[in-house]
Amino acid sequence: MAFDPSPDDALVVVDVQRDFCPGGSLAVPEGDEVVGVINRLAPRFSTVVTTHDTHPADHCSFTARGGPWPPHCVEGTQGWEAHPDLDVQADFQVFKGRDRDQDGYTGWTKELADFLSRQGARRVVTVGLALDYCVQATALDARAAGFEVVVLTDATRAVNVRPDDGARALDALRAAGVHEDRAGEAPMPSSGV
Ligand code: ZN
């Protein structure tokens with residue numbers, strides 16, 4: 001069974017960027033495996049949002065400034081770009097992390113909440129990278145903002161700095177009332193050519 005979006009569902013595709021995929025500077029294991037799943041899923045949603053981790057070269061989350069991460073998603077670099085095979089038409093884009101002194105993982109913003117409300121969205125379906133950081137934070141914030149939230153577990157991957165971080169993230173999401181489902185085998189979009 002494929003996940004069956006309803007008209008008041010919005011798909012939020014979190015940070016499917018080169019640096020978070022194998023070969024990137026902060027690669028999520030199997031991160032690129034979400035790309036095909038998301039490409040098949042996105043055309044079935046009436047509202048699609050993408051988020052983009054977007055840092056200055058001296059961001060506070062980088063090890064050079066005492067942060068936990070290697071440099072990644074520096075704006076304008078190849079690693080910042082969306083995965084080259086990602087093929088989604090975004091109705092709204094969020095660029096997060098531009099403030100050099102502000103760390104954080106969520107892709108949720110007041111502007112996004114307002115956009116989704118204008119679209120009539122009631123449920124937020126969250127996919128992308130990484131489950132145990134930005135997907136988790138975005139889903140929790142969407143939930144806190146009063147939306148129904150679903151995470152599609154086969155359209156996300158965890159960094160797993162500790163081996164069970166992905167499982168912990170799912171526990172935290174469940175505890176907050178976020179639902180889990182799977183994208184499953186969605187039909188291929190008709191080619192139109
Ligand atoms: Zn980042």
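Each value in this text was obtained by applying a stated rule to the coordinates, not by laboratory testing. Nothing here was measured: the structure is a model prediction, and the numbers come from that model. We place every Cβ from the backbone using ideal geometry, glycine too, and count neighbours over all the protein chains shown.
Please pull out the direction-averaged projected area of the chain, using the convex hull of its alpha-carbon atoms, in nm² to one decimal place. Walk me through the numbers on the way to the answer.
Details: hull surface 43.5 nm².
With the hull built on Cα positions only, its mean projection is 10.9 nm².
In what sequence do Trp108, Trp69 fall when counting other Cβ within 10 Å, fewest first?
Least crowded to most crowded, the residues run Trp69, Trp108.
Considering amide H positions built from the backbone, and no H for Pro or chain starts, which residues 5 or more places from Val74, or on another chain, come under 5 Å of its amide H?
Those lying under 5 Å, H to H, from Val74 are His55, Trp80.
Got the relative contact order for the chain handy, in percent, Cα pairs under 8 Å and 6 or more residues apart?
Computed over the chain, the figure is 26 percent.
Residue by residue, what Karplus-based ³J(HN,Hα) values in Hz, rounded to whole numbers, does segment 32-45 have, using 6.51, -1.76 and 1.60 with θ = phi - 60° and x for Gly and Pro?
For segment 32-45, the Karplus curve yields 6, 6, 7, 4, x, 4, 5, 4, 6, 7, 4, x, 8, 9 Hz.
Which residues does the label zone of Arg123 cover in segment 1-33, counting backbone N under 12 Å from a point 7 Å along Cα→Cβ?
Inside the label zone: 3-11.
What is the distance in Å between the Cα centroid of segment 39-74 and that of segment 146-177?
17 Å
Dipole size in debye (nearest 20) for segment 59-193 around its Cα centre, Lys and Arg Cβ +1, Asp and Glu Cβ -1?
In debye, rounded to 20, segment 59-193 gives about 300.
May I ask you to compute the full-extension gain from Ser25 to Arg182, defined as 0.36 nm times their residue separation minus their alpha-carbon distance, rounded to one decimal in nm? Mind dumping the intermediate values first?
On the way: separation 157, 0.36 × 157 = 56.52 nm, distance 2.80 nm.
53.7 nm is the gain from fully extending Ser25 to Arg182.
Using mean Cβ contacts within 10 Å as the protection proxy, how do 31-39, 114-122 order, highest first?
Numbers: 31-39: 21.3, 114-122: 15.6.
Per-residue Cβ counts within 10 Å, averaged per peptide and sorted highest first, yield 31-39, 114-122.
If neighbour count is taken as other Cβ atoms inside 10 Å, put Ser46, Ser61 in order from fewest to most.
Ser46, Ser61
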